[in-house]
Structure formats: C-alpha cells, structure tokens
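Okay, structure first, notes after.
The values are calculated or read from the model by the stated rules, or taken from the named source; none is laboratory data. The structure presented is a predicted model; accordingly, all values stated were derived computationally and were not measured. Every residue, glycine as well, gets a Cβ built from its backbone with ideal geometry; the counts of neighbours run over all protein chains shown. We work out accessible area using only protein heavy atoms, side chains counted, and drop any ligands, DNA or RNA first. Shrake-Rupley method; radii C 1.70, N 1.55, O 1.52, S 1.80 Å.
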Amino acid sequence: MTDGFEEAWSLAEPVKGWMTRDQGLALWNAACRLDKGDLIVEIGSHQGRSTIVLASAARTVGARVVAVDPFVDGRLFGGSPTRQRFEANLRKAGVEDVVELVAEYSTKLRPRWDRPIQLLYIDGKHDYWTYTDDLRWSANLDDGREILVHDCFSSIGVTLGTIAKVLFGRRYTYLDRATSLARFRLAPPSAKDRLRVVAQLPWFARNVGIKILLRLRLSPVAKAFGHDSPYDPY
Ligand SMILES: C[S@@+](CC[C@H](N)C(=O)[O-])C[C@H]1O[C@@H](n2cnc3c(N)ncnc32)[C@H](O)[C@@H]1O
C-alpha cells in the first residue's frame, strides 16, 4: 500500500505546511483504502501540502478530493496569495485534475453539502466550535468510514472537542494517531475504545506544557522534554 507514497511525499514535502512524513503516510494509506468514484473532503488545505498527498493517493484508486479552505487573511495563513500558491503547488505536483477547490468556510458550506463522502480530513480552524461543527460533516459518511483529524491532542480546541464528541460521544471510535494526526472510525465506541482516548491525555498535557515553555522562550527546557523545534508540537 505504500507503493507510490515516496513519490507523492517528494511532491508534497517542498510545500510549506504542518504535516510530517508519518502523517502524510497516514493520509496516503487512508486514501488508498478507498474505491473508484469515492470522494475525500479535506477541510483546511493552506498551500496544498496534505492535499497533494491525498490527491496522489486518490488518483491511484480513482477517487477525487474536494479541498475546502476560505484562505483566511492574517500572518499565519496568508489570505489570497496562499490560494495562488495552493493552485500553483497543485499544478506543479500534477494533481489539479483530481482536486476540486471550494474557497469557503467549512461551517458555511456544511449545511448545504449533500454529496456522499467516503473519507473526511479535518485540519481547518482549531477552535472547539469550528472543529465540532467540522465533525458534523460525518453525516455524509456511511458507518465504518474513516475521519482523520490533525492537531488532535496538541491543540486545546481540537482536544476539548475530541473529549466532548469522541470520549463522551457515541458516534466516533478512536483508532490510532501519527503524532497529532488522529484516526477515527464512524462507529459507536466500546469502553475500551474510550479508555484509549483517555490514554492520549498525558501526551496532550505534555504538548500544552511545551507550548507554554515556547511562549516563555524556554526552548532549551522544551528540548529537555524532547521537543527540538521553535514551532508548537504537531
Ligand atoms: C493548519 S492549515 C492547513 C494545513 C494543510 N492541511 C497542510 O497540510 O499544509 C489550516 C487552514 O485552515 C483554513 N481554515 C481556517 N478556517 C477554516 C474553515 N472554517 N474552513 C476551512 N478552512 C479553514 C486556513 O485558511 C488554513 O489554510
């Protein structure tokens, strides 16, 4: 199943973004489990780093990707120049024919979305309200399908949403994670599945601690906790 991943990663890696190789592989594998004609929805595409991996895998199985991103303004995400980079990066990677861009807020698009989806990837706005709304896109997925979530157990908003909707909810089963990229299945969780969510919380506490240390400019202390980067853990 990893055949072709290296090539996809070589196309995605030069694109600026927040997805590691292991996370790219998790996306690749999930997309490769799809069938011809299936649809992936990606919420939060930025410059296309994850879109390129999803689209490369989608092409191998005959699936397609809908990329949802309003290209929000600001220092972090860059506004409309980011959209131009996204489009140029997809063209350069040769995957633009597999991807449909909807430049819209996921929360505005969701109520009028009516197409079935076979894989959902959530990496948009990370506050509790937007993330839990993004989980509601799963109404378009059949039972048993996968939902992947970036910054799970590293962002406070996403983790609180996961505690509310996955740990205490009845719709989503936590499967595993590649650092902060968690994989859920649309299926009622058992008590054991819920305990596996609880088992991630010490790692979440560690990530919050690292973020505080970085804000206090104590990166040498963060390094002692295994975080050797100026960026927040993801
Ligand atoms: C962390 S970045 C995505 C990174 C991307 N997945 C990658 O691998 O490089 C978050 C993106 O979410 C977008 N965003 C913010 N609010 C959003 C929303 N409500 N719906 C969809 N995208 C949103 C931002 O414009 C930004 O491009």
Find the Rg to Rh ratio for the range 70-163, where Rh is the Kirkwood radius over alpha-carbon pairs and Rg uses the same atoms.
0.98
Give the value in nm², to one decimal: projected area of the alpha carbon convex hull of the chain, averaged over all directions.
12.3
Per-residue HN-Hα couplings for the range 40-54 [Karplus 6.51, -1.76, 1.60; θ = phi - 60°; Hz; x = Gly/Pro]:
9, 10, 10, 9, x, 10, 6, 8, x, 4, 6, 4, 5, 5, 4
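Give me the 1.4 Å probe accessible area per residue for the range 54-151, excluding ligands and nucleic acids, in Å².
Here the per-residue accessible area is 49 Å².
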With charges only on Cβ, +1 for K and R and -1 for D and E, what is the dipole size of the chain about its Cα centre, in debye, rounded to 20?
700
Would you work out which of L216, Y121, T82 lies farthest towards the positive end of the dipole of the chain, given +1 charges on the beta-carbon of Lys and Arg and -1 on that of Asp and Glu, about the Cα centre?
L216
The chain: antiparallel DSSP beta bridges as a percent of all, rounded to 5
35
Taking the mean number of other Cβ atoms within 10 Å as a proxy for protection, how do you rank 221-231, 66-76 from highest to lowest?
66-76, 221-231
Projected onto the charge dipole of the chain (unit charges on the beta-carbon of Lys, Arg, Asp and Glu, signs +1, +1, -1, -1), the Cα from P70, C152, S50 with the largest positive-side position is that of C152
Would you count, across the chain, every pair of lysines whose alpha carbons are under 23 angstrom apart, provided the pair is eight or more residues apart or spans two chains?
9
Highest-fluctuation residue, R21, R49, R183 considered, GNM on the chain with Cα pairs under 10 Å
R21
